[in-house]
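To start, the structure itself, in structure tokens.
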Amino acid sequence: MTRILLALLVAGAAWCQQKPAEPPEEDETLAVKEYTFNPLQAEKELRVGNFYFKKGSYRAAALRFREATRWNPNWAEAWLRLGEAQEKLGDEKAAREAYEKFLELAPKHKRAAEIRKKLAGKG
């Protein structure tokens, strides 16, 4: 009987010294988002971004286009649209980076020459 009590005391002491597990984050806006290749989600983000762009809400559009590039980093169209939105916002550096990524991914795209000319002019 004393062995059982001793074992319970040792187990209880060990259990008390353990750190409590962190509860999962309840507010999803505070949780760190992990991106994996998801072309369907990227397409959805691009569609919503196009909606905002047409409304003139360029900041919202840029956020959606950025999300699209995170879900599918090799989608040239998303990078092109991100560059256009950043340009409308007046962020030349971000626009240039997006356009350069677009040209890297789709050097023969029908709008590639136009974008190259645009980048050369902003030199």
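One table, with the values for the structure above:
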| quantity | calculated |
| --- | --- |
| Whichever residue in segment 75-121 is basic (Lys, Arg) and surrounded by 11 or more Cβ atoms within 10 Å (Cβ to Cβ) and, among such residues, is nearest to Glu43 (Cα to Cα) | Arg81 |
| Residue match in segment 49-57 (condition: within 23 Å of Ala112 (Cβ to Cβ) and either of a type in the set (A, V, I, L, M) or at pLDDT below 95 (or both)) | no |
| Criterion: within 16 Å of the chain's Cα centre (by Cα) and modelled with pLDDT under 95 - qualifying residue of Lys101, Lys33, Lys19 | Lys33 |
| Meets criteria (outside any loop (DSSP other than H, G, I, E, B) and modelled with pLDDT under 75) for Gly12 | yes |
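The values are calculated or read from the model by the stated rules, or taken from the named source; none is laboratory data. Small disclaimer: the values here were computed from a predicted structure and weren't measured. Don't worry about glycine lacking a Cβ; one is built from the backbone with ideal geometry, like all the others, and counts go over all protein chains shown.
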